[in-house]
Amino acid sequence: MSVSERRRIEKRPSQALKRELNEDQRMALVELERFGWELKFIRRPMFQQPVPVVFDSNRQHFAVLNTDGTLDENPGFDIRR
């Protein structure tokens, strides 16, 4: 089994991911979607709050939606490409 096969990510419907957001995050996401941003996945670090990750339309930049609905473009971790 190659590395790419093991790293295959199951695609979850966007609506299922959005249900995991709080109201502030959902409202912020609606505004971001108007500019082409998209909720891609939610990180779930052990013993910590889930971290929703959004990407711009070109998949060049990513950011985190904080629990208060603010956007953190420097979350302190990298995303594999």
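All of the numbers you see were taken from the coordinates with simple rules; none came from a lab. Predicted model, so just to flag it, every value in this text is computed and none were measured. Heads up, the Cβs are rebuilt from the backbone with ideal geometry, glycines too, and the neighbour counts pull from every protein chain shown.
Here are some notes:
- Radius 14 Å from Cβ of S57, net charge of other residues (Lys, Arg +1; Asp, Glu -1): 0
- Kirkwood Rh in Å, taken over region 18-73 so that all alpha-carbon pairs contribute: 11.2
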